[in-house]
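The values are calculated or read from the model by the stated rules, or taken from the named source; none is laboratory data. No experiment lies behind these values; they were computed from the predicted model shown. Here the Cβ is made from the backbone with ideal geometry for all residues, glycine too, and neighbour counts use every protein chain on show. Accessible surface is based on the protein model in full, side chains and every heavy atom, while ligands, DNA and RNA are left aside. Shrake-Rupley method; radii C 1.70, N 1.55, O 1.52, S 1.80 Å.
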Amino acid sequence: MNENTKARFGGIAQLIDFFKEYEKQTVAVVSALLIAIGWLAYLLNWGEAPFKWLMLTAAVIAGYKIALNAYHALRFRVLGIPALVTMASVGAIVIGEYWEAAAVTFLFSFGSYLEAKTMDKTRNALRELMELAPQTARVTRNNKEIEVPAEEVVVGEIVLVRPGEKISVDGSVSTGHGAVNEAAITGESMPVDKQIGASVFGGSINETGYLEIVAEKTGDDTTFAKIIELVEEAQEDKAPTQEFLERFARYYTPGIMLLALGIFLWTKDTPLALTFLVIACPGALVIATPVSIVAGTGNAAKNAVLIKGGEHLERAGKITAIAFDKTGTLTYGKPRVIKVHALVGTEEELLNLAGAAEKMSEHPLAQAIANAASDNLPKAENFQAIPGRGVKANVNGQQLIIGNRELLQENNYQIDDRLEQLLQHEENSGRTAMIVGEAGTIRGYISVADVLRDDARQIVNRLKQLGIKKTLMLTGDNMRTARAIAEQVGIDEFRAQCLPEDKVKVIHEQQQLGEIVAMVGDGINDAPALAAADVGVAMGVAGSDVAIETADIALMADNLSKLPYAIGISRSTLRNIKQNVVFAVLVVLILLGGVLGRVVFLASGMLVHEVSVLLVILNAMRLLNYRDKVFSSQRQT
């Protein structure tokens, strides 16, 4: 094959690729031009033949793909909207109404182009995320620095990141110091200071400083890759309203065809029957839900709120009650030791003894004690965590128990009146007092307090403004501590000393009262409650595979202000869907009434029909600009 032949076939291939990419746009433009030329020929009195042939050609070009879609649907015994349009346009051609046939097919194809264009625009959030995905990584291999595709980085390798470069893996900093922009992951615009030992995420940008990172997750396993995957799935997922409308369409289309046949048999008026057939096409109704879902989830993803599909988004829009875990949700989840009170020995001895056992626990209160203790701690053995109560361990050959009254009393420790008064004073101050018992003797207690989020009360108030009727707090803390926190935040109800199964029980109780309940927690410790709730919301889950997978809504950043944003965008999307559906149904009913009253005709009715499609699209696109006032103010500060 010579060069000229290769060039010729290469040019044809490029032309085919171009047409595939812009097929809907090309069909709409070409058919519109043919219709315009046809009318020009008619106005210039060129004769009827040019007018008819131009209109027929326009109808064939615009209607070919519609007819093809109708044929494929019929093969699966689905009588859909394309079949209505095809039958109407063919019927118009048979009776010599070429202009009507061209108008019907052009307007339908133009509406299809507008819908595709809009859906593409509403998916910009996903596209922007994908563009942020790092393509290459700089690693050290055989004592040499080389650049490799990001997906080829091996777990355990050292990735080198200079100022301005994207981080390609999830991992921890082994060398260096930098300020990293994690907006793509957490939605927070301010760079985060990263030092040795700090965690970093692929897709974030190292703005200043030099970092060497030990790769822990690479390729499709990174948090960033999972975000993109979940957004893709969410935008393809169907909401209950959409599924209902699709089931409705299976019966609607055959019903309309039978009605059109009945009208023809009754009136013997073919144009009237054809007009009824076409105008009944519920195009706006078909796209009313999906275009809103895509716009809503796209906006949320752009702000680091992952709503995992239309079903969850629609249900979140109906939430009436929200249950909060306390630690890490209403508080920062970073408690610190406030007081050490020793009854036996010194305060330092008590703290180090407790720290030896608590360093083996992952609970935030335990970590506060471990962090406050010295570095040189005795070894703990036979560690056992008792959820919601405390821990047991052997330290220095003696059994050590650290926890609340119930745990100590179950193990035959006696709490005298003096100690009870001291504990009550700590609890009335909103602190959690953990009693330390060793070999049958109470050694003292350690008071730990978690710091309440500064904006917690403001956010709870905002949720009530959004229509949340009831707020609850579920915590393993004692009654006094729980009451103090609930009063400070403005929570309606609280449950103290809750075990994981108790939280599930409370959620079921609220559901039996008719509430649509959301549970907000960390996505791991509160997994049973998150699963039991109508909507499980996990916050601050960047880097946590379990939380991202189990929650219905995942708030990537540790930022409570994103909760009213998530509820707000869900409510706005649900409202948007209802507006679109009601509007689409009214338009169809009004047009059909006009057809039967002989005041609406084929071309004019189809024009109104397509305008209604455009209005539904424009209404859905308003969701792209949604901002919650609390969320917006947080981003500005």
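Here are the numbers for the structure shown:
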item	result
Those residues of the range 426-460 which are of a type in the set (S, T, N, Q), under 22 Å from residue 408 (Cα atoms) and in contact with a helix residue (DSSP H, G or I) (Cβ under 7 Å, 6 or more places away or on another chain), in sequence order	428, 432, 447
Neighbours by Cβ (under 9 Å, 6+ apart or cross-chain): first from the range 36-53, farther than 15 Å from residue 103 by Cβ and free of Cβ contacts under 8 Å to residues at least 40 places away in the same chain; second open to solvent by 90 Å² or more (accessible area, probe 1.4 Å) and part of a helix (DSSP H, G or I)	48/42; 50/42
Helices (runs of 4 or more DSSP H) completely within the range 340-417 that count 3 or more residues being modelled with pLDDT under 85	364-372
Residue 47, sole failed condition from (1) at pLDDT 80 or above; (2) in contact with a Gly (Cβ under 7 Å, 6 or more places away or on another chain)	(2)
Residue within the range 350-360 that is acidic (Asp, Glu) and either open to solvent by 20 Å² or more (accessible area, probe 1.4 Å) or under 15 Å from residue 441 (Cα atoms) (or both) present	no
All positions within the range 412-428 that are more than 49 Å from the chain's Cα centre (by Cα) and either over 24 Å from residue 399 (Cα atoms) or charged (D, E, K, R) (or both)	416, 417, 418
In the range 205-253, the residues that are assigned to a helix (DSSP H, G or I), modelled with pLDDT of 70 or more and in contact with a strand residue (DSSP E or B) (Cβ under 7 Å, 6 or more places away or on another chain)	223
Filter pass, residue 537 being modelled with pLDDT under 80 and either part of a helix (DSSP H, G or I) or buried (at least 22 other Cβ atoms within 10 Å of the Cβ) (or both)	no
Selected residue (only one of 277, 259 is open to solvent by 40 Å² or more (accessible area, probe 1.4 Å), out of contact with any Lys or Arg (no Cβ under 7 Å at 6 or more places or on another chain), of a type outside the set (Val, Ile, Thr) and part of a helix (DSSP H, G or I))	259
Options 282, 335, 271; residue that is modelled with pLDDT under 85, touching a strand residue (DSSP E or B) at 6+ places or on another chain (Cβ under 6 Å) and not acidic (Asp, Glu)	335
Which numbered condition residue 431 misses (of (1) more than 26 Å from the chain's Cα centre (by Cα); (2) basic (Lys, Arg); (3) surrounded by fewer than 19 Cβ atoms within 10 Å (Cβ to Cβ))	(3)
